[in-house]
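Novice: My questions all concern the structure below.
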Amino acid sequence: MAVAPFGVPDLSIVTNTLLGLLQNYINSAGVTTINLSGSMPDAVRKDSGCQLTFSLFHVTEDKFTRNSPLINKRAQTIPSQPMGLDLYYLLTAYCDKDYAQEQQAMTLALQFFYQTPIIKTQVTLPGITNPVNEEFTLTMEMETSDELARFWQAVTQAIRLSVVYKVSVVLLTPPATSVLAKGVQVAQLASNPTVFPFAASGQLFGTLRTYTFASPISTAAAPESFTVDYGPAVVAPGQRFLLTGANLNQGGPSPAPETSDRVFLIVPGNPPLDVTNWKTHKGLPDEKDYQTDSHITLDLPATVGALPANSPPPGIYQLCAGGNSPPTQTNSVPFSIAARIDVSVVPPAAPILASVGGTFTLQGEGFIATHTQVLLDMIALAENTAGPPSDGQFTVGSLQQLTFRAPAGLASGRYTVRVRVNDVESPPSWWIVI
């Protein structure tokens, strides 16, 4: 479990920090006959030489940190609220019959702790890249001889020269706050808005296309894909999109059809063109109609050519709905037609385009000579209308094919292949690796 970035996850970190600093002080004094340990006195009493022990023997909760300050007028909950502790250590020395060496060892320790009332250290926490700074105070506790005698009776060893130190405040690292649910990524709201008086045949809100593409690092072991909603829709020949609105199924006087049963394409500079043959349904068993009260599903023809049997060339257009009996027409909404780029690999394989002799080939529909742009990330390639392309160039061979070569000396790496026709950029498709 991840931890919050403060405190110590283990009390031995405090003990080891103090022992390490004390050992450095003893070494700097040129003393090599003292054996320093964090064990209890009875554990090292039989060891040879002079034994100096600094032992954690008692822990209490710090009374000043039990009630934390309110944050946003609310107290922190357990275990998010860290536990503040006071640690009590017994410092003692033992050297059998050599009292002088015992007292010399104690003198060094007393001098060090007197000179170092504030301990600062860095603590490495699990799951945290950089160490965090921690500090605590070290003070000598005034203990009576009776209180120390009772302690020595508890460890069943003969009493020796000793002193008690308190280390405070030591915060135990709390576990991280529980991970909240992921944020909403997609929210859809359906409503029945008021119909404007002039929209007796229904009204349109916009166009929508949902597009999913594989990541360039996707693998079978770790598949990765992304879904993008284009609104207004960006659609390529042979692809499906939605015309959204309200009250699109208003029926005329029986047996007349709905007042918005037809779809019209608006090409700049031309009268509306009937493209009702683009209407389709989603192919779901329970959906038999081409349209509902809130949307009309359309399939753009798979090839670019004469209208309305084919798709218009890439560009920005408008659509409206209406009827012939009686003549009606809704407001118009925009959508964009992009060149289709065919991706031949099957997800979750990464869509990395391979070259033949350094030449890359794109297959699709809607590439138009002198109206097409090709970029590798932000690097624009130059068009060679005579073809074949040289380094840093591309050539439109037909509506269905485009070839290009990367610039000479292009830095190694992965580049996104971007294609624009009539200033409409196709959705992500291929990447190349140099």
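Novice: Residue 409 fails exactly one of the following numbered conditions: (1) part of a strand (DSSP E or B); (2) free of Cβ contacts under 8 Å to residues at least 12 places away in the same chain; (3) of a type outside the set (A, V, I, L, M, F, W, C). What is the number of that condition?
Specialist: With (1) part of a strand (DSSP E or B); (2) free of Cβ contacts under 8 Å to residues at least 12 places away in the same chain; (3) of a type outside the set (A, V, I, L, M, F, W, C) applied to residue 409, the lone miss is (1).
Novice: What pairs come out if I take residues in the range 147-169 that are modelled with pLDDT under 85 and pair them with residues that are acidic (Asp, Glu) whose C-beta lies under 6 Å away, six or more apart or interchain?
Specialist: Sorted first by the residue in the range 147-169, then by its partner, the pairs are 155/42; 157/42.
Novice: If you don't mind, there's one more thing I want to ask. Just need a number here: residues in the range 293-347 that are touching a residue at least 12 places away in the same chain (Cβ under 8 Å) and part of a strand (DSSP E or B).
Specialist: 26
Novice: Taking residue 209, is it at negative phi and either small (Gly, Ala, Ser) or modelled with pLDDT of 90 or more (or both)?
Specialist: For residue 209, the condition - at negative phi and either small (Gly, Ala, Ser) or modelled with pLDDT of 90 or more (or both) - is met.
Novice: A further question follows. Among the listed residues 369, 408, which satisfies the condition of being over 20 Å from residue 216 (Cα atoms), of a type in the set (A, V, I, L, M, F, W, C), outside the structural domain of residue 214 (by TED's automatic domain parsing) and surrounded by 14 or more Cβ atoms within 10 Å (Cβ to Cβ)?
Specialist: Only one candidate passes the filter, namely 369.
Novice: May I ask you to verify whether residue 281 is at pLDDT below 90, surrounded by 17 or more Cβ atoms within 10 Å (Cβ to Cβ) and not assigned by TED's automatic domain parsing to the domain that holds residue 421?
Specialist: Spelling it out, it is not the case that residue 281 is at pLDDT below 90, surrounded by 17 or more Cβ atoms within 10 Å (Cβ to Cβ) and not assigned by TED's automatic domain parsing to the domain that holds residue 421.
Each row is one residue, and each column tells you yes or no for (1) β-branched (Val, Ile, Thr); (2) within 26 Å of residue 154 (Cα to Cα).
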residue	(1), (2)
25	no, no
28	no, no
31	yes, no
37	no, yes
43	no, yes
50	no, yes
58	no, yes
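Novice: Between a first residue in the range 353-375 that is closer than 21 Å to residue 237 by Cα and a second residue that is β-branched (Val, Ile, Thr) and outside any strand (DSSP E or B), which pairs have beta carbons less than 7 Å apart while being 6 or more apart in sequence or on different chains?
Specialist: Sorted first by the residue in the range 353-375, then by its partner, the pairs are 365/303; 369/385; 370/385.
Novice: Out of the residues in the range 60-100 meeting the condition of being at pLDDT 55 or above, of a type in the set (Gly, Ala, Ser) and farther than 19 Å from residue 38 by Cα, tell me which one is surrounded by the most Cβ atoms within 10 Å (Cβ to Cβ).
Specialist: 84
Novice: Here's a follow-up. Quick one: in the range 358-391, which of the residues that are among the charged types (D, E, K, R) and closer than 24 Å to residue 344 by Cα is nearest to the chain's Cα centre (by Cα)?
Specialist: 377
Novice: Scan the range 348-357 and tell me whether some residue there is farther than 21 Å from residue 316 by Cα, among the polar types (S, T, N, Q) and in a strand (DSSP E or B).
Specialist: no
Novice: If you go through the range 140-149 one residue at a time, do you hit one that is touching a helix residue (DSSP H, G or I) at 6+ places or on another chain (Cβ under 8 Å) and surrounded by fewer than 12 Cβ atoms within 10 Å (Cβ to Cβ)?
Specialist: Scanning the range 140-149 turns up no residue that is touching a helix residue (DSSP H, G or I) at 6+ places or on another chain (Cβ under 8 Å) and surrounded by fewer than 12 Cβ atoms within 10 Å (Cβ to Cβ).
Novice: Picking from 55, 48, which residue would you name as being crowded, with 17+ Cβ neighbours inside 10 Å and either among the basic types (Lys, Arg) or out of contact with any His (no Cβ under 9 Å at 6 or more places or on another chain) (or both)?
Specialist: 55
The values are calculated or read from the model by the stated rules, or taken from the named source; none is laboratory data. Values in this document were obtained by computation on a predicted structure and should not be read as measured data. Because the Cβ atoms are built from the backbone with ideal geometry, glycine has one as well, and the counts that use them run over all protein chains shown.
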